[in-house]
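Asks: Got a structure for you, written out below as structure tokens; questions coming shortly.
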Amino acid sequence: MIEQLEKLKKERDAIIVAHIYQSPEIQDIADFVGDSLDLSRKAASTDAKTIVFCGVKFMAETAKILSPQKTVLMPDIGAGCPMADMINADEVKKLKQQYPKHKVVAYVNTSAEVKAESYICCTSANAVEIVNSIDGGIIFVPDRNLGAFVQKKSGKPMIIASGFCPTHNNFILPEFIIEAKNAHPNACVLVHPECRPEVIDLADFAMSTGQMCRYIPTTSQKEFIIGTENGIIYRLQKDNPGKTFYPVNTLATCPNMKKTNLAKVLTALLENKNQITIPQEIAQKAKKPIKRMLEI
Ligand code: 13P
Ligand code: SF4
């Protein structure tokens, strides 16, 4: 399958990009692995005609919005993000009516329709910076945990929606962090800002997945307790063979991220299957907040 994929990639002028939460077999065949900010940047800069996006739908949609002339394929079109589904465009419109002077900051984990109603996007890697760049009131959607984290870091009061990531919110709990710290007292605790505030308070740092990957090689610390989706552990072990990683909860996986497999990647490319399409009007409106974010 890997040989066939390599051949097809050349014929189609395609690249395979994968989020850090993807399974090892996918990370190993990807041309580029990154967090959602890295992946948006890659989608904006690649010359390839086709992007096979191994991640969840909002990520592939962001790639298509940034590169409408390219073919963007998803190995499994049913790989969504439950957090992104926790807010829709009508709800954002209502919030804007309620707070007409506020600007909407949309986490990239949102549909194209929600982005189209927003002023600016952010990812977990740049959310504090993005919020700090805005004067005046802010409506933050959809993640209540990332929202609370940014509010605390920036000191700016915000209207925060009530969405959450089931994987981070429900599987990475304070008692598990305490247990892991007791078992590994010398380990540094890194968690994702999609975790509950009580979890973030117990950690040494809250970081995006890409920030964790970049931070770990730079510190002399040898052991790490990792509070995010467990796909990242494979990446961290591969990149840092001398260091040890303990997942906070081995059950903290994102079922949607794990829908992608090698056979589905091959089929998507072979059959040009599961192309991302976004109505032009929505795509044009959604591009503005993403571009604003990338400029910052
Ligand atoms: P990153 O921005 O850290 O890649 O996270 C994306 C995501 O979906 C986290 O659950
Ligand atoms: Fe969505 Fe959570 Fe999965 Fe990330 S880990 S894609 S936020 S459900």
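The values are calculated or read from the model by the stated rules, or taken from the named source; none is laboratory data. Since this is a predicted model, take the numbers as computed values, not measurements. In this analysis, Cβ positions are derived from the backbone assuming ideal geometry, glycine residues included, and neighbour counts consider all displayed protein chains.
Asks: Could you please tell me which pairs satisfy a Cβ distance under 8 Å, a separation of 6+ or placement on different chains, a first residue in segment 122-151 that is hydroxyl-bearing (Ser, Thr, Tyr), and a second residue that is surrounded by fewer than 19 Cβ atoms within 10 Å (Cβ to Cβ)?
Replies: Filtered contacts from segment 122-151: SER133/ILE296.
Asks: May I pose another question? So, in segment 85-109, exactly how many residues are touching a residue at least 60 places away in the same chain (Cβ under 8 Å) and within 13 Å of ligand 2 (Cβ to nearest atom)?
Replies: Qualifying residue count, segment 85-109: 4.
Asks: Also, I was wondering about something else. Can you find even one residue in segment 228-236 that is away from ligand 2 (no atom under 15 Å from the Cβ) and more than 21 Å from the chain's Cα centre (by Cα)?
Replies: Looking for residues that are away from ligand 2 (no atom under 15 Å from the Cβ) and more than 21 Å from the chain's Cα centre (by Cα), one finds none in segment 228-236, hence no.
Asks: I would also like to ask the following. Hey, could you check segment 1-28 for residues that are away from ligand 1 (no atom under 16 Å from the Cβ) and either in contact with a strand residue (DSSP E or B) (Cβ under 6 Å, 6 or more places away or on another chain) or not in a helix (DSSP H, G or I) (or both) and say which is farthest from LYS70 (Cα to Cα)? Give the derivation first.
Replies: We begin by selecting, within segment 1-28, every residue away from ligand 1 (no atom under 16 Å from the Cβ); these are 1-16, 24-25, 28.
Retained after the next criterion (residues that are either in contact with a strand residue (DSSP E or B) (Cβ under 6 Å, 6 or more places away or on another chain) or not in a helix (DSSP H, G or I) (or both)): 1, 12-16.
Details: MET1: 24, ARG12: 11, ASP13: 11, ALA14: 10, ILE15: 11, ILE16: 13 Å.
Applying the filter and picking the extreme gives MET1.
Asks: Does VAL131 meet the test of being of a type in the set (Val, Ile, Thr) and under 18 Å from the mean Cα position of the chain (by Cα)?
Replies: Values: of a type in the set (Val, Ile, Thr): yes; under 18 Å from the mean Cα position of the chain (by Cα): yes.
Yes: the conditions hold for VAL131.
Asks: Does ALA106 satisfy being modelled with pLDDT of 95 or more and within 16 Å of ligand 1 (Cβ to nearest atom)?
Replies: Values: modelled with pLDDT of 95 or more: yes; within 16 Å of ligand 1 (Cβ to nearest atom): yes.
Against the criterion (modelled with pLDDT of 95 or more and within 16 Å of ligand 1 (Cβ to nearest atom)), ALA106 qualifies.
Asks: Further, regarding this structure: Being hydroxyl-bearing (Ser, Thr, Tyr), out of contact with any Asp or Glu (no Cβ under 7 Å at 6 or more places or on another chain) and either without any contact (Cβ under 8 Å) to a residue 40 or more places away in the chain or surrounded by fewer than 22 Cβ atoms within 10 Å (Cβ to Cβ) (or both) is the requirement here; does SER118 meet it? Even if it seems obvious, please write down each step before you answer.
Replies: Working: hydroxyl-bearing (Ser, Thr, Tyr): yes; out of contact with any Asp or Glu (no Cβ under 7 Å at 6 or more places or on another chain): yes; either without any contact (Cβ under 8 Å) to a residue 40 or more places away in the chain or surrounded by fewer than 22 Cβ atoms within 10 Å (Cβ to Cβ) (or both): no.
When the stated conditions are applied, SER118 does not pass them.
Asks: List the pairs whose first member sits in segment 221-243 and is in contact (Cβ under 8 Å) with a residue 12 or more places away in the chain, whose second member is in a helix (DSSP H, G or I) and hydrophobic (A, V, I, L, M, F, W, C), and whose Cβ atoms are under 6 Å apart, counting only residues at least 6 apart or on separate chains?
Replies: Listed pairs, sorted by first residue: ILE225/ALA180; ASN240/ILE216.
Asks: When you go through (1) within 16 Å of ligand 1 (Cβ to nearest atom); (2) touching a residue at least 24 places away in the same chain (Cβ under 8 Å); (3) more than 17 Å from the chain's Cα centre (by Cα); (4) within 27 Å of PRO197 (Cβ to Cβ) one by one for PRO247, which number turns out not to apply?
Replies: (2)
Asks: How many residues, within segment 217-244, are among the hydrophobic types (A, V, I, L, M, F, W, C) and surrounded by fewer than 20 Cβ atoms within 10 Å (Cβ to Cβ)? Before you say what the answer is, go through the steps one by one.
Replies: Restricting attention to segment 217-244, the residues satisfying the condition of being among the hydrophobic types (A, V, I, L, M, F, W, C) are 224-226, 232-233, 236.
Next cut, surrounded by fewer than 20 Cβ atoms within 10 Å (Cβ to Cβ) only: 233.
Going through segment 217-244 one residue at a time, the tally reaches 1.
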